[in-house]
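S.K.: My questions will all concern the structure given below.
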Amino acid sequence: MSNFRSSHIAAVYLAFGLAMPAVVLADNVQKLPSFNVDISQTSVSGLSSGAFMSVQLGFAHSSIIKGVGVVAGGPYYCAQDNVSKATQICTCTALLSSMCKNTPGATDINTLNAKVAQFSQSKAIDDPANVRQQRIYLYGGAKDVIVPPPVFDDLQKFYGNFADPANIQVAGSPDANHTMPTPGYGNECSKLGNPFISKCDSDTAGDILNWIYGSLQPAQTGTLKGRLLQFNQREFSPNMYMGGMDSTAWLYVPAPCDTGEKCKIHVVLHGCNQGQSYIPTNGSGENGGLYYGLQYVKDTGYNAWADTNNIIVLYPQAVVTATNPQGCWDWWGYADPNYATKSGGQIKAIRAMIDRIAAGNKSNSGKNKSTKTSSACKLDKALCPAS
């Protein structure tokens, strides 16, 4: 980064009273490589803001998304470009909890259905008829105070309008707060706080992957055989910090994928305060302070399952900005008015990463276009073509 650009970004952060994100640049940052990947075997999952973004990606590019895992998230386009709805209806992150209005049905599913139809008709997203074939895994904690149970209930009802009911798996825990559940890593299950990863006796990463891809080989229990590499994310997001994306991101590559075997892609989207640039409140860091927020990359369990099942795991990285002080993914419009569609900056960047990874399989040409008839008028009669 040039001295001018560095000083300019620093000035923005200081002006808003924000801490600069940690510099996370290893000596061996690579260009994102390509592999023998069937792009139709792409899936995505995420927590919190990453969950909302996973739903967005699953609708925007439904023609290539095989399945979606949503942990503590809400329906597509829930915020409707409105930060008050984002913090008071889709979540309870308002300045005062008394401002929250997380009542049953408050997300207004009928309006969200109509927006899906509108976006589909304008080709801003792929045909939502594709979603019927997706494998959907939904996880909600009964004690979640950030995405309360009524929002999770609306998420289930929303997906019920699009996905085959037989393809929807609903899970949860009576003890879970707002967190990514693991078998034994992180906070106590009911605790709210960093790193928002908790030991809830639930291998949620494995449950998501098994639901989407079918019965998998058991996860690796010893040393992982693959490699974790840091790549240059800047080339996929030219606006970088102002677009809410960090300069680098991470990829886990199982050993067989490195030798040309056919593999799948799973995109994992962290939540707020979970990107690599997040600095823990105690100031400590991993690897002598070089990397800070890599718990979501290393400790949520995805890599162990990927290692034995030829699944390449892509970990895009959001970053703190002046308009996004917690490093969340854009699901309410802080960086881009088109945030929920194919032309949204973050969705475009993630799709470009997927295309790069899958570029080693020449048979992918043409697989990214839906052949289904538009179903927009099924969702909103006003959008049906004239007879």
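S.K.: If you wrap the stretch 18-368's Cα atoms in a convex hull and average its projection over all directions, what's the area in nm²?
M.R.: 16.1
S.K.: Calculate how many DSSP beta bridges within the stretch 18-368 are antiparallel, expressed in % of all such bridges and rounded to the nearest 5.
M.R.: 25
S.K.: Here's a follow-up. Under 15 Å between alpha carbons, and skipping anything fewer than 8 positions from LYS115 in its own chain: which aspartates and glutamates qualify?
M.R.: Those aspartates and glutamates meeting the cut-off are ASP81, ASP126, ASP127, ASP380.
S.K.: Between GLN30 and ASN110, with labels modelled 7 Å along Cα→Cβ, what's the label distance in nm to one decimal, could you check?
M.R.: Result: 5.3 nm between the two label points.
S.K.: Mind checking which aspartates and glutamates have their Cα closer than 16 Å to the Cα of LYS298? Skip sequence neighbours fewer than 8 apart in that chain.
M.R.: Once the sequence-local aspartates and glutamates are set aside, what remains near LYS298 is ASP203, GLU286, ASP307.
S.K.: Compute the Rg to Rh ratio over the stretch 313-368 from the alpha carbon atoms, using the Kirkwood formula for Rh, and round to two decimal places.
M.R.: When Rh is taken as the Kirkwood radius, the ratio is 1.07.
S.K.: Taking the beta-carbon count within 10 Å as an exposure proxy, list LEU47, LEU138 from fewest neighbours to most.
M.R.: Taking fewest neighbouring Cβ atoms as first place, the list is LEU138, LEU47.
S.K.: Could you tell me which of ILE146, MET180, ILE39 has its Cα farthest along the dipole of the stretch 18-368 towards the positive end, charges placed at Cβ (Lys, Arg +1; Asp, Glu -1), taken about the Cα centre?
M.R.: Of the listed residues, the answer is ILE39.
S.K.: Ok, one more. Going by average Cβ density within 10 Å per residue, which order do the peptides 57-66, 31-40 take, highest to lowest?
M.R.: 57-66, 31-40
S.K.: With each label point set 7 Å from Cα along the Cα-Cβ vector, what nm distance links SER97 and ALA166?
M.R.: Placing both labels 7 Å beyond Cα along the Cβ direction yields 4.3 nm.
Where a number appears in this text, it was derived from the coordinates with a stated rule and is not lab data. Computed from a predicted model, the values in this text were never measured in an experiment. Glycine also receives a Cβ, built like all others from the backbone with ideal geometry; neighbour counts cover every protein chain displayed.
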